[in-house]
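The values are calculated or read from the model by the stated rules, or taken from the named source; none is laboratory data. What you are looking at is a predicted structure, and each value in this text was computed from that prediction instead of being measured. Cβ placement follows ideal geometry from the backbone for every residue including glycine, while neighbour counts extend to all protein chains displayed. Remember, those area values only see protein heavy atoms, side chains included, never the ligands or the DNA or RNA. Shrake-Rupley method; radii C 1.70, N 1.55, O 1.52, S 1.80 Å.
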Amino acid sequence: RFYKKAAAFVLRAVGKHSPQLAQAIVQCGALEMLVICLEDFDPGVKEAASWALGYIARHNSELSQAVVDAGAVPLLVLCIQEPEIALKRIAASTLSDISKHSPELAQTVVDAGAIAHLAQMILNPDAKLKSQKPEAKLARLQVKSEELLAQDPPVLAILAALQRSCRKYLPRGKSQSTFHFRVTVISLSQLIVNAGGVAAVIDCIGSCRGTVRLPGIMMLGYVAAHSENLSMAVIVSKGIPPLCACLIEEHEDHIKAAAAWALGQVGRHTPEHARAVAVANVLPTLLAMYMDTRSSEDLQMKASIFTKKALKNILQKCTYLPALEPLLHDAPPNIMKHIVGQFSKVLPHDSKARRLFVTTGGLKKVQEIKAEPGSLLQEYINTINNCYPEEIVR
């Protein structure tokens, strides 16, 4: 076993420098011998062999595929189930090196049953094991992970615990230090909510800055998009303030656009959902983003798609007039019609709102809007004017 460990160490030292050197090791038939070492009784031999395989696989997809073809993946999954912490660390790292190159390679690792065991590693108290960031390993295994979670809800609870534990590492880590699963099935969204995953993700977004926020923002948007109840779960979990903070604090265009999209998904279902977003005073910020001519071309393109859509989703459901009235002074015509439309729906049935609309200057502002005769905007204005005596309108 001492010779095996030493030989594996030499192979690792040779193969780590370049793909050409790693390829030379493959061509001489070393992979088959290293895979045999993964079945050795001695954990030190397994560790040395796993380390060497990881240094070969990390270079490119071809070398990684060679490691897969040699039959290493099932044995590496067995290694992460061993009691020795050092062996767990190296085997997890090797699986990550194999899966990082392509979705097909990641799928091979997933099919071998790696997700459940990697998730269990997060709960291990060993500091060195945590330093390997098993959450990052999980992030690379996104292919079909939704189906696995749907079949095995306990794994979901482990991943929710992962988000809580991630808070220690996220401020110092890179974007890959957080995991996310694109939530595309409503039953899976409900599983995430039931397991406390939404609250954990919100906590994660609030405790970090920069690109690490993006997966959490997207996940909240996907969950909220599915149904009124799931969207309300995001609201009740206090998800709106962190999303609003992303609009204000972040400088990256794509993060701001994602936060705008997520807020639109939260507020698009009912007047109650829209009011929860409007009360957070997010509408002026969204409007300013949409109208900002100093933004990069990238943000302007995203704004036209995401921010406008978010504003439209929220405005079409919002009946909370105090949040809408400030927008009358700044909104462009294509947004104005949605704002005035909401006033035309509420004012005919609310006498108190009609009085406030006059005293705050809202009715006066409506008279200043120049709408084309026969347009939808003009119809809304006429509906509002018909709520008042002619002398007040004049």
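Structural remarks
- Of the numbered criteria (1) surrounded by fewer than 12 Cβ atoms within 10 Å (Cβ to Cβ); (2) in contact with a helix residue (DSSP H, G or I) (Cβ under 8 Å, 6 or more places away or on another chain); (3) among the acidic types (Asp, Glu), the one ASP330 fails is (1).
- Remark: SER102 matches the filter, which requires a residue to be modelled with pLDDT under 85, of a type in the set (Ser, Thr, Tyr) and under 22 Å from LEU31 (Cβ atoms).
- Close pairs from the stretch 43-70: first farther than 22 Å from ALA6 by Cβ, partner open to solvent by 30 Å² or more (accessible area, probe 1.4 Å) and hydroxyl-bearing (Ser, Thr, Tyr), Cβ under 7 Å, at least 6 apart: VAL68/THR108
- Hey, GLU372 of a type in the set (Asp, Glu), in a helix (DSSP H, G or I), outside the structural domain of LEU243 (by the TED database) and without any contact (Cβ under 8 Å) to a residue 40 or more places away in the chain or not: no
- Screening LEU118 against (1) at pLDDT 85 or above; (2) open to solvent by less than 10 Å² (accessible area, probe 1.4 Å) leaves a single unmet condition, (1).
- Whenever a residue of the stretch 86-107 is closer than 20 Å to LEU38 by Cβ, its partners that are open to solvent by 10 Å² or more (accessible area, probe 1.4 Å) and acidic (Asp, Glu), lying with C-beta atoms within less than 6 angstrom and at least six residues away or across chains, give the pairs ALA86/GLU47; LEU87/GLU47; ILE90/GLU47.
- Yes/no for LYS317 being farther than 21 Å from ALA278 by Cα, of a type outside the set (Asp, Glu) and either touching a residue at least 60 places away in the same chain (Cβ under 8 Å) or not in a helix (DSSP H, G or I) (or both): no
- Options ILE217, ILE205; residue that is crowded, with 24+ Cβ neighbours inside 10 Å and either in contact with a Lys or Arg (Cβ under 6 Å, 6 or more places away or on another chain) or not in a helix (DSSP H, G or I) (or both): ILE205
- Checking each residue in the stretch 341-369 for being of a type in the set (A, V, I, L, M) and assigned to a helix (DSSP H, G or I) picks out VAL346, LEU347, ALA353, LEU356, VAL358, LEU363, VAL366.
- Flag not set for ALA278, criterion: small (Gly, Ala, Ser), assigned to a helix (DSSP H, G or I) and within 14 Å of the chain's Cα centre (by Cα).
This table checks each residue for (1) within 17 Å of LEU321 (Cα to Cα); (2) in the same structural domain as ASN334 (by the TED database); (3) surrounded by 17 or more Cβ atoms within 10 Å (Cβ to Cβ).
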position	(1), (2), (3)
SER351	yes, yes, no
ARG354	yes, yes, yes
THR359	yes, yes, no
LEU376	no, yes, no
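- Within the stretch 224-234, not a single residue is of a type in the set (Val, Ile, Thr), touching a helix residue (DSSP H, G or I) at 6+ places or on another chain (Cβ under 7 Å) and in contact (Cβ under 8 Å) with a residue 40 or more places away in the chain.
- Those helices (runs of 4 or more DSSP H) of the stretch 226-269 in which at least 1 residues are open to solvent by less than 20 Å² (accessible area, probe 1.4 Å) and farther than 22 Å from GLY196 by Cβ, considering only elements entirely within it, cover 240-249, 253-267.
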